[in-house]
Each structure stands twice: as C-alpha cells, then as structure tokens.
Amino acid sequence: MKTSRILAVSALSLSMMASFGVAHADEADGSQLPLNTTSMRARADVQAEAMNPVKITNGGTGVLAPRDTVTSREAVRNEAIAAARQNQIPYGELGNSEAM
C-alpha cells in the first residue's frame, strides 16, 4: 500500500471514531454511580464493634485441627467409592443424588 492510502484510511478511521464517540467502560444501568445511603448506626458504635472481631472456631471458616483417628485413608476412600456407586452422595445445587 502507498503511504497516501494508509494516511487516508487512518484519517477515515479517526473521523469515524470522533463521530460515533469514544467507548465508555460505564455500566448502562448507572451502577457505577454512588448510592445515597443513610446510616442507621453511629460511627463510634461501628468502630467499637470493629475492635472486637468475631472469633472463628473450628465449626466456622477457620482451619480444622488434625483429629486422632484409627480409620485409614484407604478405608475412607473405599467407603466414599461405595457411597458414590450407591448414589448416596448428593451433587448439584439441589443436592440431587440421582444417577447422571
């Protein structure tokens, strides 16, 4: 291609961009705009609560401590395989246990 043709194509593309406008990364529903909210609690109350965080225990999202057990890995694996073959293990969002 000749230089004049390349310049003409680039000028055309720039003029088209100017006529159509530049693309925006905003959402069409206005979700990027700040929400007007009214606080129900005082700032001091929230800060006081933040100073006493909730303690996570083994029943929550914390790390489980190792347990003393006499069941071997192989025995647990065999039980899981047997339960899967008998469709006793739920799967999916609804906990279906039907065969796939």
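The values are calculated or read from the model by the stated rules, or taken from the named source; none is laboratory data. All figures in this text were calculated on a predicted structure; none of them were measured in a lab. As a convention, Cβ positions derive from the backbone with ideal geometry for all residues, glycine included, and neighbour counts pool all protein chains shown.
Can you find a residue in segment 37-48 that is surrounded by 10 or more Cβ atoms within 10 Å (Cβ to Cβ) and modelled with pLDDT under 70?
Checking segment 37-48: not a single residue is surrounded by 10 or more Cβ atoms within 10 Å (Cβ to Cβ) and modelled with pLDDT under 70.
Tell me, yes or no, whether segment 49-58 has at least one residue that is on the phi > 0 side of the Ramachandran plot, surrounded by 10 or more Cβ atoms within 10 Å (Cβ to Cβ) and modelled with pLDDT of 70 or more.
There is no residue in segment 49-58 that is on the phi > 0 side of the Ramachandran plot, surrounded by 10 or more Cβ atoms within 10 Å (Cβ to Cβ) and modelled with pLDDT of 70 or more.
So which residues in segment 1-12 are exposed (fewer than 10 other Cβ atoms within 10 Å of the Cβ) and modelled with pLDDT of 70 or more, if there are any at all?
LYS2, THR3, SER4, ARG5
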